[in-house]
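Here the structure comes first, spelled out in C-alpha cells, and everything after it is commentary.
Read the figures in this text as sums done on the coordinates, not as results from a lab. Bear in mind that the values here come from a model prediction, so they are computed numbers and not experimental data. In this analysis, Cβ positions are derived from the backbone assuming ideal geometry, glycine residues included, and neighbour counts consider all displayed protein chains.
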Amino acid sequence: MANFVLQVPNSVRSLTVSASASSNGSPPLSYSASSGGGGGPVILELPVDKIRRPLMRTRANDPVKVQELMDSISEIGLQVPIDVLEVDGVYYGFSGCHRYEAHQRLGLPTIRCKIRRGTKETLRHHLR
Ligand code: ADP
C-alpha cells in the first residue's frame, strides 16, 4: 500500500490517494469518490451466496464459456467485476452469469462486484 499526499496550493484542501496491489492478480479493491454516502457505484467483494439471482432459471449458461472462465479466474483472478443492484440491503445480480457460475463451481466464497443502489422500482424494472 502506498499513500501519496498531494498538496494543492491556496484554499484547496490536500487530497490523499491510496493504491494497493492484490495477491491474486485482480485489480485492487476500490471505492468510488462518492462511496461515503453519495450515489456512485462501489466495487466490493461480496459473498457469492448473498447475491440473489431472480432470473437464474430462465437462461442456461454456455458450459464451455464457464469452464474457460474457471480456468482463467483460477490463474489471474476476476478482471471485471459483475454488476450488482442493492435494494434495501439485499443484493441482486442480473448479468455476469458466466462469471458468477464460474465462482460457484470453483467454490470461491466471494466475488468482486460493482454495486449500484436502487429502489424497489429499479428492481421491478429489472424483473419486467
Ligand atoms: P458473463 O455472463 O459473466 O458476462 P461473458 O462470457 O458474456 O460472461 O463475459 C465474460 C466476461 O468476463 C468478459 O467481460 C470478460 O472481460 C470478463 N472477465 C473477468 N475476469 C476474467 C478472466 N479472468 N478471464 C476472462 N474473462 C474475464
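Just to be sure I understand the curve: with the Debye formula and one point per C-alpha of region 59-128, what is log10 I(q)/I(0) at q = 0.14, 0.19 Å⁻¹?
At q = 0.14, 0.19 Å⁻¹ the computed log10 ratios are -0.47, -0.78.
Be a star and scan region 87-116 for residues whose amide nitrogen sits under 15 Å from the point 7 Å along the Cα-to-Cβ vector of M56.
91-111
Starting with the highest mean, order 77-90, 55-68 by the number of other Cβ atoms within 10 Å, averaged over the residues of each peptide.
Sorting 77-90, 55-68 by mean packing, highest first, produces 77-90, 55-68.
Counting Lys +1, Arg +1, Asp -1, Glu -1, what net charge surrounds A102 among other residues with beta carbon under 10 Å of its beta carbon? Don't jump to the answer; show the numbers that get you there.
On the way: positive: K65, R99, R105; negative: E68, D71, E101.
Residues near A102 contribute 0 overall.
Cross-link candidates for K65: which lysines have Cα within less than 27 Å, leaving aside residues fewer than 8 places away along the same chain?
Straight-line reach from K65, under 27 Å: K50, K114.
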